[in-house]
Structures are given as structure tokens and as C-alpha cells.
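Peer 1: Quick one: this structure, given as C-alpha cells, is what I'll be asking you about.
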Amino acid sequence: MTPKNSPTAREVDLTLARALRRARALARAVENGQVAARPAHRTRTPGPNSYKRMTAGQLVTAALGGAVLYAWSKQEEQTFERELANRGFEESLARWREDATVTDDDAGSLATDRFDQAFDRLSVVTVGSLETLAVALDEVLLGNDGRVDGALPASEVIEDMQITGAHPDAVAAYEQGVGVSPVSPTDALTEQGPLEPTPASELGYSSEATDDLAL
């Protein structure tokens, strides 16, 4: 759901930066054995086309998932960082890279109570808990987040598969089963109103989602 008053691009950047700082800290906690993580399988690796359609919340959880669930490649992390740069999210990029010149001052960022509460209750990092975090953050940030609206067209899925090194047989199977249309499925819709975020399943993530938030 899009907020009645969409945040400014600057507010999105500052709030996203704060969320990425927390994601970095959680990734370290997982690495140190302080928080558990349940590695998962992705149906495909997100490429540049997938990243440009992610909401702010999905960008945060893509980075966190890449760091602790999927063991993302350097290439994918660079794709993520490039997307932040392309959207003009300089503060977020600096926070993710842990630039020494960046302070922990959160002035100007928006309150994200549900996201913070879900984050604080997190005991096991899973696909389901990441989706919960993304939705909670997007309740505040959806709108003016710089993403490309709409679902991925088949041609862009294929391009992402090729860029990320998918097996040629997998690419051929996708082409045969789905086609190679350059038109986004969303463009065919006649419904009015704001577009909803692209589902995580369309961005390459497994559908096996369970809510493992500690109560």
C-alpha cells in the first residue's frame, strides 16, 4: 500500500541508510554465531533488471539475504551497490560500504516502527522473515524510491539469467516455457491506481517462506 504522503527521495535515502546499517550489524551477528540463519535456495540470481525494480525494503532484504542466506557473489553485491548509486542513494551506499566518514546520525530519516520491532524480534533469519521486514519498511518508504514500476518482462528475466551465469539449459527452458516478450505483464493491466511492488518470487527468490520471528 502506498502511503498517502509519499516520502521525499532524500527521506528514502536516509531511512534506507539506517536500515542498511542495521542489516550490516545483523550480518556480523550471524557471522559471529549470535543470531541463527537458515540458508535458502533461490530459483535464480537477481540481475540488474531485477534490482532496478526492487522497492527500498526489497533492496535492504536482498542485501541482508545475500550476505547471510545466499552467499551472494561479488558481482551481485556490485550490482546492488550500482543500483543504490543509480538511484542517487549516496547515504545508503556509504552506509552499506561502511564509509569511515559516515556518522550514525539518523537526523532526517523517517520512523519505521514496525520494521524496527520486527528486526528486534528476529531470532532466525529466513526467507519469510526477510519478506516480513521488506513489507514493514515499504509501509513507510514505498513511493519515490526510484524503482522501475511493474513486473519484469520475460526478455529482462532472460537477460538477468545470462548476466548472472545461469546454465544455458535453464535459459532455454525459460524461453520455451514463458517466451521472450519485452513487454512487462503489468503493462497489460487496465486497473487504475498505484502499482504494487514486484513480488519477491518474481525477483528470483524461493517461495518457501516461513515466519520465524521470535514472539
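The values are calculated or read from the model by the stated rules, or taken from the named source; none is laboratory data. Since the structure is predicted, the reported quantities are computational estimates derived from the model, not experimental observations. Cβ placement follows ideal geometry from the backbone for every residue including glycine, while neighbour counts extend to all protein chains displayed. Note: areas computed on protein heavy atoms with side chains; ligands, DNA, RNA excluded. Shrake-Rupley method; radii C 1.70, N 1.55, O 1.52, S 1.80 Å.
Peer 1: Would you calculate the separation in nanometres between label points at GLN117 and VAL178, each defined as 7 Å from the Cα along the Cα-to-beta-carbon direction?
Peer 2: Taking the simple label geometry, GLN117 and VAL178 are separated by 3.6 nm.
Peer 1: OK, next. Per the 1.4 Å probe, what fraction of the accessible area of the stretch 1-57, in percent, lies on carbon and sulfur atoms?
Peer 2: 49 percent
Peer 1: Another question, then. So, by mean Cβ neighbours within 10 angstrom, what's the order for 53-62, 82-91 with the highest one leading?
Peer 2: Per-residue Cβ counts within 10 Å, averaged per peptide and sorted highest first, yield 53-62, 82-91.
Peer 1: Once amide H atoms are placed 1.01 Å from N in the peptide plane, what residues at a sequence separation of 5 or more from ALA36, or on another chain, have their amide H within under 5 Å of its amide H?
Peer 2: For ALA36, whose amide H was placed from the backbone, the distant partners under 5 Å are VAL125.
Peer 1: With each label point set 7 Å from Cα along the Cα-Cβ vector, what nm distance links ALA36 and ALA71?
Peer 2: 2.0 nm
Peer 1: Fully extended, how many nm does the chain gain between ASP187 and ASP169 (0.36 nm per residue separation, minus their Cα-Cα distance)?
Peer 2: The span from ASP187 to ASP169 would gain 3.6 nm if fully extended.
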